[in-house]
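Derivation of every value follows stated rules applied to the coordinates shown; laboratory data play no part. Source: prediction; values computed, not measured. Please note: Cβ atoms are built from the backbone with ideal geometry, for glycine as well, and neighbour counts cover all protein chains shown.
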Amino acid sequence: MKRKAHRSLVAMTVAATLMGGCAVNDTGAAEVWDPIETPNRFMFSINRAVDIMALRPVAVIYRDWVPEPAQKSIRNLLDNLGEPVTAINEVVQGDPNRAATTMARFLVNSTIGVAGLFDVATMLGLERTKEDAGKTIGLYAGVEPENGGFYLMLPVIGPSNARDGTGLMMDYLADPFRILTFNLAVNWDVWQGARYGMNVIDYRSRTIFALDDLEKNSVDYYAAMRSAYTQNRADLIRQKREKTDARSELERRDNLALVR
Amino acid sequence: MSLLAFRRVILRLAAVAAATVFVLPAVAQPVSAADASKLIETVAAEVIEIVKTKTGADRQAAIRKVLQANFDLPFMGRSALGRYWNGASETQRSRFLAAVETAEARAYSERFGQYAGQTVTVGKVTSRPNGVSIVDSQLNQTNGQPIKLQWEVRNGGQGPLITDVKVEGVSMVMTRRSDFSSYIQNNGGTVEPLIQELEARAAR
């Protein structure tokens, strides 16, 4: 009985020492890897100038002046054009059933939904998903999803990293609509340009509140955005991985809590 | 080894263990799942009530009270300052915590200024081995997708308190931490310029 008590005391002591050790060694909160911070910050300041002078005002007008149903239809149209890329990614992610649902959504919305202006598929119970090649790479990368390679500030598009930038390029190359317009040799570049432009304005109009908040409440906007972007992308990838990944984000947070 | 010497070793180890437990604030009493979700539900209800009935400075003061009562602000501030906390003097620490508290109260009352009938649904609670509870919840909007909110609740000795909020996977404390650490590194590596900047903002 007595020996048992001793043993459990020793175990407790060892456990406490180990945890103390964690507090010193495992920071669990490594900063985002940003080896090209100087050029990134330069690009960030250009992006901000463009944003303040052109993009944000346009996004505000779009949000406040364009009637809500019209905004919603534009959103649906753009989403519908993006469905094939999502389906391709879902196949690569090893989820052909989900890809089939996405393609069913695409077919329903392109026909009954009048070229995607109305999201009839959701009403029929076909839920929308959004996948991109950055997430697909992250799913298979075998590293912490916070680690997306070096951080990268892209022109106009904004925060990215090696993983998501590569993904963006892959999605662009795999996009059937881009291939179609390219092969038809019709001058559809204008339409593609309009599509990408509308995507930017629509996305910006939906992030006005969040980005204003981040800017106002940070002392280093660039660093705050870098952290928020990395965390958000990691969260999306973690949701994909959850079924297979044992080392979860919560475990990482436990370590963070021990850091001083 | 004689039994007496063995016992002495054990006692000494026990003392070390006890000291470790007291030094580490993370080793806290566990928070029950029911307590954690009740805390979030109460806070959400209180905040929605404040936003509906108060505006301007009144709202900010009321939000600040809710923050003080339900959030472990010193803990959050300490985590946000990370390793620089150790290098800060006692006065710097208290000045920093005061400035951060003002900033948070202002930020939250502005965030809730956009209130348009949103509701919070509390979901499942995950208990962690270190006594922390993670409460999943959803902010339901009248138009658009619901927003994913996660709350970290821990008991640091004064009952269960919120120590972090994650919006769509973005932790407030982690973002602050990154933000502050970058600011400190770009301003001579000491906390003083950061504290002055935060105080200047709080005074505005």
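Calculated mean residue ellipticity at 222 nm for chain B: -19000 deg cm²/dmol, from DSSP H runs with n ≥ 4 weighted as -39500 (n - 2.57), summed, divided by the residue count and rounded to 500. For the pair region A:60-89 and region B:75-129, the centres of their Cα atoms are 35 angstrom apart. Here the spin labels are modelled as points 7 Å beyond Cα on the Cα-Cβ line, and at residue B:140 and residue A:156 they lie 3.9 nm apart.
Taking a point 7 Å from the Cα of residue B:107 along the Cα-to-Cβ direction, the residues of region B:73-95 with backbone N closer than 12 Å to it are B:76-77, B:80-81. Taking label points 7 Å from Cα along the Cα-to-Cβ direction, residue A:68 and residue A:172 give a separation of 3.6 nm. Stretching residue A:179 away from residue A:141 to a fully extended chain increases their span by 10.9 nm, per 0.36 nm per residue minus the current alpha-carbon distance. A Förster radius of 45 Å combined with the Cβ-Cβ distance from residue A:100 to residue A:42 puts the calculated FRET efficiency at roughly 0.50.
Taking a span of 15 Å or more along the helix axis (Cα atoms) and a mean Kyte-Doolittle hydropathy of at least 1.0 as the rule, the DSSP H helices of chain B that qualify are B:3-23. With a cut-off of 12 Å, note down the residues of region B:51-93 whose backbone N falls inside the zone around a label point 7 Å from the Cα of residue B:192 toward its beta carbon. So the set is B:89, B:92. Computed as a quarter of the hull surface, the mean projected area of the alpha carbon convex hull for region B:3-203 stands at 14.4 nm².
Remark: spin-label model distance residue B:168-residue B:89 equals 4.3 nm, labels positioned 7 Å along the Cα→Cβ axis. About its Cα centre, the dipole of chain B is roughly 480 debye, where the only charges are +1 on Lys and Arg Cβ and -1 on Asp and Glu Cβ. Measuring against 20 Å, Cα to Cα, the residue pairs B:38/B:166; A:72/B:52; A:130/B:148 contain A:72/B:52 as the ones spanning a longer distance.
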